[in-house]
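The next block holds one structure in the form of structure tokens; read it before the comments.
Laboratory data are not the source of any read-out in this text; all were calculated from the coordinates shown. Here the structure is a predicted model, which is why all the values come from computation and not from measurement. Quick reminder, even Gly has a Cβ in these numbers, built from the backbone with ideal geometry, and neighbours come from all protein chains shown.
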Amino acid sequence: MGPTGVGKTEIALELFQKMPIEILSVDSVQIYKHLNIGSGKPSPEVLRDFPHELINIIEPTDNYSTAKFQQDCLASIAEGFKFNKLPILVGGTMMYFDHLINGISKLPSVEKNIRLEVEEEFKNIGSNEMHNLLKRIDINASKKIHPNDSQRIKRAVEVYRATGKEFSKWQSEQTKEVSPLIQETKVIQIALKPNDKEIHRESIANRFKDMIELGLVNEVEDLLNFPGVSKDSQSMKSVGYRQVCEFLEGDIGLDVMIEKAINSTRQLAKRQMTWINSWKGLTVLEKDSSTVRTLEKLVSESL
């Protein structure tokens with residue numbers, strides 16, 4: 001795991017050439033088909049030569065959850081073991097890692113009419129107002145859920161309306177269940193971190209500017225023309241895509257959009273590092289010329 005733009009994929013590709021591994025993407029944006037440039041997805045040529053699981057698995061109109069990721073990821077891990085390959089999970093979606101390794105709470109089911117009601121309300125008032133609503137009904141959940149995390153905001157509101165009980169209370173009272181596959185497998189947890197924060201900040205800026213040059217605005221424009229896709233779709237809420245949607249709506253200019261997207265990406269990287277700094281049982285490595293050799297050694301010693 002590691003912050004965005006640190007070079008996780010590059011390291012995974014090097015490992016692929018040295019060991020019999022299966023690469024599993026742990027990225028909440030690369031799961032979407034057609035979200036290619038803004039997600040930093042490997043090119044079709046790279047994916048052909050270095051197959052990745054859990055990339056391009058759902059449509060831009062679909063929603064996805066950490067519970068669904070856990071289900072799909074466990075299936076891919078089991079498949080890797082079946083063919084004597086070592087599953088290597090690579091990505092920066094920390095919630096996915098957290099639920100896979102530490103377990104996920106079982107929450108109550110919600111009737112379809114409540115889900116549709118909350119979905120319609122979300123479309124009408126938007127993410128910020130919905131987050132304000134969550135503050136009023138469940139202040140503890142609102143502190144843990146980012147105002148742009150539309151899926152988790154809706155889920156918290158749905159659970160409250162279905163049960164009359166705060167989402168945060170349901171979570172605190174439920175015992176997290178860890179998959180037997182994870183419990184019975186030796187899991188080596190490794191994070192990459194930048195060896196120079198300022199260089200990484202500049203790298204993030206250059207990376208997004210490169211995305212603009214590669215045609216990110218046209219990519220988003222095409223996506224918004226897909227039936228059922230809008231700026232309110234879960235796929236369009238991720239960093240970069242969200243700001244380009246604002247630009248295409250005419251809410252902000254090009255330069256402001258680029259600045260906002262770069263700042264949001266830097267904030268994302270900071271949040272990812274906060275997860276890493278508090279993660280238990282994690283080996284943290286600075287990315288340099290010896291990283292792949294160090295990883296090989298760590299894996300070999302653990303097998």
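Just a few scattered comments:
- Additional length obtainable on full extension of the chain from residue 144 to residue 199, 0.36 nm per residue less Cα span: 16.9 nm
- Aspartates and glutamates with Cα under 15 Å of residue 270, excluding same-chain neighbours fewer than 8 positions away: 196, 198, 202
- Annotation: lysines with alpha-carbon distance below 17 angstrom to residue 231 (same-chain offsets under eight excluded): 33, 123, 154, 260.
- Here the Karplus curve 6.51 cos²θ - 1.76 cosθ + 1.60, taken at θ = phi - 60°, turns the phi angles of region 230-241 into couplings of 9, 4, 8, 5, 4, 5, 8, 8, 6, 4, x, 5 Hz, with x standing for Gly and Pro.
- Dipole size of the chain about its Cα centre, with +1 on Lys/Arg Cβ and -1 on Asp/Glu Cβ: approximately 1040 debye, rounded to the nearest 20.
- Calculated P(r) over Cα pairs in 20 Å bins from 0, in percent (choose from (1) 30, 60, 10; (2) 28, 49, 21, 2; (3) 29, 42, 21, 8, 0), label: (1)
- Applying a DSSP loop filter and a limit of 12 other Cβ atoms within 10 Å to the trypsin sites (Lys or Arg not before Pro) in region 104-149 leaves 106.
- Under 5 Å from the amide H of residue 24 lie the amide H atoms of 53, 88, 89, 90, each residue being 5 or more positions distant or on a separate chain, with H modelled from the backbone and absent for Pro and chain starts.
- Enclosing the Cα atoms of region 112-173 in their convex hull gives a volume equal to 69 cubic angstrom per residue.
- Projecting the Cα atoms of 127, 170, 116 onto the charge dipole of region 112-173 (Cβ charges, centred on the Cα centre) puts 170 farthest toward the positive pole.
- At most 12 other Cβ within 10 Å, DSSP loop - trypsin sites (Lys or Arg not before Pro), region 166-275: 176, 186
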